[in-house]
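Written below as structure tokens is the structure these notes are about.
Values in this text are rule-based calculations from the coordinates and carry no lab data. For clarity, every value in this text was computed on a predicted model and none was experimentally measured. Here the Cβ is made from the backbone with ideal geometry for all residues, glycine too, and neighbour counts use every protein chain on show.
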Amino acid sequence: MLRLSWALALSFTISALAGILILTRDLSVTNDIFKDGVSQAITVDHTTDDALEGVTHLGPADAAVNQGMPQVVGVIDSLSRADHTLGDLGDQLQALAAALSSADAPLADILGAGGSATGQADAAAGQAAQIANTLAQADSRAQQLGRLLDQTSTLGKTIDSKLRVALLLPTAGP
């Protein structure tokens, strides 16, 4: 029985020591939490002091806002008018877009016709060059013919003058 009582006493002692260790650990954690709470309270205190100091500046800031309010209203009015003007401009741009869209097909036809005319003009340019070459050859031949005609005219005048002389002469013969 003695052993049993020693065993019980020892188990109670160990349980008490374990409880004290757990309690000490919990007190340490609680102490850390308390220190952190004190640190946060100091931060809140400084923040509150800064906020209270900032409150002293609210009066002049409020006065400045009240003085600037007419300008803000004027800017809002200007923005409203600009919005209306931009809306009108948008409507006009839509009308212009519609007009340009309706002009697309005729412009495409004009461009096609212009391309076709360019092709025909290019084809005609070769023929015109042949015509110009032919006319240049004809001009050269006409100039040669003009010189021959001048020579023929000169010979004709010579023959004419000789025939006139021959007509004046008597004829010889049986």
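Compute the angle between helix 58-168 and the longest alpha-carbon principal axis of the chain, please, reported from 0 to 90 degrees and rounded to the nearest 10.
Rounded to the nearest ten degrees, it is 20.
Could you give the length gained by full extension between residue 4 and residue 57, i.e. 0.36 nm per residue of separation minus their alpha carbon distance, to one decimal place? Please list the in-between numbers first.
On the way: separation 53, 0.36 × 53 = 19.08 nm, distance 7.84 nm.
Result for the pair: 11.2 nm of gain on full extension.
For residue 113 and residue 88, what is the calculated FRET efficiency with R₀ set at 35 Å and r taken between the beta-carbons, to the nearest 0.05?
Numbers: r = 38 Å, r/R0 = 1.07.
Given R0 = 35 Å and the Cβ-Cβ separation, E is 0.40.
Please give the calculated 222 nm ellipticity per residue for the chain, where each DSSP H segment of at least 4 residues contributes -39500 (n - 2.57) and the sum is spread over every residue; nearest 500 deg cm²/dmol? Before the final figure, lay out each step's value.
On the way: 2 runs with 165 residues, N = 174.
Helices in the chain give a 222 nm mean residue ellipticity of -36500 deg cm²/dmol.
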